[in-house]
Amino acid sequence: MISDFFQPGGTLQAGLDTYEERPEQERMAQAIADALADGTSLLVEAGTGTGKSLAYLVPALQSDQKVVISTGTRSLQDQLLNKDLPVLRRIVGQPFDAVPLKGTSNYLCRRKFAAYIATAPKDHPEWDALREWILGTEVGDRAELSTIPENADIWSQVTTGPETRLGSRCPYYESCFVTRARRRAEKADLVVVNHHLFFSDLALRKEHPGARVLPEYDAVVFDEAHGLEEVMTEHFGVELSSPRLEHLLRDWRNHQRENPGKAQNPWMPRRGDQLVMNTANAAQRFFAQIRLRLAKNATQSEGERFTLPEDLIDTQLKELWLLLDETLEELYAHGNLVAECLRDDGHEEKSEELRILASRCTRLRNDLAAIADRSPGRGDFVFWGRFRGPSVALAASPVGVEDVISRELLPNVSSLVFTSATLSAGGHFRHIRERLGIGPDSAEDLRVESPFDYQEQCLLYLPRDIPDPRDLESQAERFTRIAKILTITDGHAFLLFTSHKAMRQCHKALESTAEFPFLMQGQAPRQALLDRFRSTPRSVLFATGSFWEGVDVPGSALCHVLIDKLPFEVPTDPLNEARMARLESEGASAFEHYQLPRAAMAFRQGFGRLIRRKGDRGIVSVLDPRIVTKRYGRFFLDSLPQTARTGSIEQVRRWWQKDSSARRLQTRL
Ligand code: SF4
């Protein structure tokens, strides 16, 4: 029973010294337990501090069903595995079977490691740490080895991806960490994955009936469900990039080097070398021409998506595309031929490696064709490109993914639970329901409020007398105001921007004042920067993008969150543009149904960085006057919990001084 666990005197209180009665948590857990028992689905928004992880883990474990918990990020997945589940195990006092399952590239590949030790120099700086870890690890999850950075080159030498995994033909198959993790997941009651793995499995099942990575399941709980649309869009579209082709050719060359042709006719390796070179040349010419062709159209900054023109594959490019397609086809045919010879000569493993390389050629050809195909029936796709340094990416993404859940999941799974601290916008669930295709007949919804007293803990500063952030002439006045507010809280602040450019400009303008230790996104990896922020008194962090959500800095290090501009997304982004055009063509206002709710959800995420615990207090400043001067400003404010508000900086100062004295008094008492 849920109440036996959560209510005072129950299991949770008996096992947790820091127990606090949280009726909101029990309410959420009960609603999820009911949905699992009745075989229904549920959208549940849980305000910050509800304790939502326990609110879904407990009913999932009590349900006697096979439940998959899918998280938005790997860090939340690791937090569940390393923090919440161990605590729960201790509290319930009996073992239960909850296991993680990650994407293939997260695990050490024994076959690649064996090849690596045969050739790698033993004075490699990371060698000792790697060897020691491998001798002791039971699961082979590279997250265990934190001394080697995630992006270290060595990982690509000793891990493999879904495209290159040999599977049951691998000689290490039985002892393989991926095989073992999947077998553990088959038997477990609870499997913890992230959205990317969940939807790549779903896409695989759809494309190849019978194939799967995850075990069969009865129910799924999606945490951080506000991010599902983007993940589904990625997994149900195709993307072809110059690095993807380069990686294929690099793997092919490595295979050629490791197989000097003892078992083959002498012409085979020579022919292989030639074909790899032909494909590299064809790819280089194709992508160079794309870059040349699109440089004129691409007005976006580095890394941003831009729309591919309808006539992208014109006569000149078509020739290069066909050439690339042809070389990939030849490489495919050659690979299969050599693979057969290798198998006949008893080199099963090498043969299988080559067969997989050949099938990657086919996938590339298919993806290229899917991106080039602009036939009228493909109006449901948006075609876009992106330049990042020397790399070029082309993609075709579905404009809408609202039928994925209703077609692929709802009919096949007993219960689906969607949860997040931010699912509603403007006080209702209309937007998320529309984007995910979850009608009121398919799932109920529930909002459980945060247990925090925002009225008491937080002041919202909404100045009218500040220039619009889009007015580039008045930036100096804005920077002066920012400096003034930072002085009130003596730093201890997050400054959240909607673009890197705005972030850098403000940082540059305030840096010369050198009043506080200033940190800026990009100066160090995200985690290192956050650690520095926590440990440096009075620091001020300038950030954008990913720092608006998922960042947890409780306590006095963070007393002030400043939002520079309402976070409306760039309307010229091809996906946004296509989604909005579709809404308009259906007679709905794109602003009301898409831009505004998305901006309000992002805004709420930014606001949510401030109050993380019951004792936290502070100020959220919104330096975009539109929130009080425009009619739609109310929509943003209705998305927030009730707080004290002011438009006067003097009142901010007084609130802060009063609050600081109260805190000092509290400390003395
Ligand atoms: S089965 Fe795949 S991941 Fe496992 S050792 Fe073999 S190649 Fe590596």
statement: Taking the stretch 452-474 and keeping residues farther than 30 Å from A46 by Cα and surrounded by fewer than 19 Cβ atoms within 10 Å (Cβ to Cβ) leaves R464, D465, P467, D468, R470, D471, L472, E473, S474
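Residue-by-condition table, conditions (1) farther than 20 Å from S105 by Cβ; (2) of a type in the set (D, E, K, R); (3) not assigned by TED's automatic domain parsing to the domain that holds L36:
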position	(1), (2), (3)
A55	yes, no, no
A60	yes, no, no
S63	yes, no, no
K66	yes, yes, no
S70	no, no, no
T73	no, no, no
Q79	yes, no, no
R89	yes, yes, no
V92	yes, no, no
- request: Kindly indicate which of V213, V193, V158, V178 is more than 10 Å from the ligand (Cβ to nearest atom) and either surrounded by 20 or more Cβ atoms within 10 Å (Cβ to Cβ) or within 19 Å of the chain's Cα centre (by Cα) (or both).
  value: V193
- request: Evaluate the stretch 121-134: report whether one residue or more is more than 16 Å from the ligand (Cβ to nearest atom), basic (K, R) and over 27 Å from E353 (Cα atoms).
  value: no
message: I'm trying to understand the selection: among the residues of the stretch 138-186, which are among the polar types (S, T, N, Q) and in contact (Cβ under 8 Å) with a residue 60 or more places away in the chain?
response: T164, S175
task: Would you confirm whether any residue within the stretch 35-51 is modelled with pLDDT of 95 or more, surrounded by fewer than 16 Cβ atoms within 10 Å (Cβ to Cβ) and assigned to a helix (DSSP H, G or I)?
output: yes
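Return the total of residues in the stretch 572-602 being free of Cβ contacts under 8 Å to residues at least 60 places away in the same chain and either of a type in the set (D, E) or touching a strand residue (DSSP E or B) at 6+ places or on another chain (Cβ under 7 Å) (or both). Please lay out each step first, then the result.
Just the residues of the stretch 572-602 that are free of Cβ contacts under 8 Å to residues at least 60 places away in the same chain, to begin with: 576, 580-581, 583-592, 595, 599, 602.
Then keep just the ones that are either of a type in the set (D, E) or touching a strand residue (DSSP E or B) at 6+ places or on another chain (Cβ under 7 Å) (or both); that gives 584, 586, 592.
Result for the stretch 572-602: 3.
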Flag for G427 being more than 24 Å from the chain's Cα centre (by Cα) and over 25 Å from Q605 (Cβ atoms): no
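Residues of the stretch 324-346 being in a helix (DSSP H, G or I) and of a type in the set (D, E, K, R), which ones? If you could, list the steps in order and put the result at the bottom.
Of the stretch 324-346, the ones in a helix (DSSP H, G or I) are 324-344.
Within the stretch 324-346, D325, E326, E329, E330, E340, R343, D344 qualify.
Of these, V399, V413, which one is within 21 Å of the chain's Cα centre (by Cα) and touching a residue at least 24 places away in the same chain (Cβ under 8 Å)? Before you say what the answer is, go through the steps one by one.
Working: V413 fails: within 21 Å of the chain's Cα centre (by Cα).
Checking each option against the conditions leaves just V399.
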task: Identify, from the list Q77, Q30, Q13, the residue that is crowded, with 19+ Cβ neighbours inside 10 Å, in a helix (DSSP H, G or I) and among the polar types (S, T, N, Q).
output: Q77
message: Every residue in the stretch 161-175 that is modelled with pLDDT of 80 or more, near the ligand (Cβ under 7 Å from one of its atoms) and either touching a strand residue (DSSP E or B) at 6+ places or on another chain (Cβ under 6 Å) or not hydrophobic (A, V, I, L, M, F, W, C) (or both), please.
response: Y172, Y173
query: When only residues in the stretch 86-96 that are under 31 Å from the mean Cα position of the chain (by Cα) and touching a residue at least 60 places away in the same chain (Cβ under 8 Å) count, which is farthest from L145 (Cα to Cα)?
result: I91
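Does the stretch 72-115 hold any residues that are of a type in the set (V, I, T) and either touching a His at 6+ places or on another chain (Cβ under 7 Å) or within 16 Å of the ligand (Cβ to nearest atom) (or both), and which are they?
First, pick out the residues of the stretch 72-115 that are of a type in the set (V, I, T): 73, 87, 91-92, 99, 104.
The answer is T104, and nothing else.
Any residue at all in the stretch 34-42 that is out of contact with any Lys or Arg (no Cβ under 7 Å at 6 or more places or on another chain) and closer than 30 Å to C176 by Cβ? If you could, list the steps in order and put the result at the bottom.
Of all residues in the stretch 34-42, those out of contact with any Lys or Arg (no Cβ under 7 Å at 6 or more places or on another chain) come to 34-42.
Pick out the ones that are also closer than 30 Å to C176 by Cβ and you get none.
Scanning the stretch 34-42, I find no residue that is out of contact with any Lys or Arg (no Cβ under 7 Å at 6 or more places or on another chain) and closer than 30 Å to C176 by Cβ, so the answer is no.
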- prompt: If A211 satisfies every condition in (1) touching a His at 6+ places or on another chain (Cβ under 8 Å); (2) closer than 30 Å to A35 by Cα but one, which is the exception?
  reply: (1)
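The values are calculated or read from the model by the stated rules, or taken from the named source; none is laboratory data. Quick caveat, the model's predicted, so the values are computed rather than measured. Don't worry about glycine lacking a Cβ; one is built from the backbone with ideal geometry, like all the others, and counts go over all protein chains shown.
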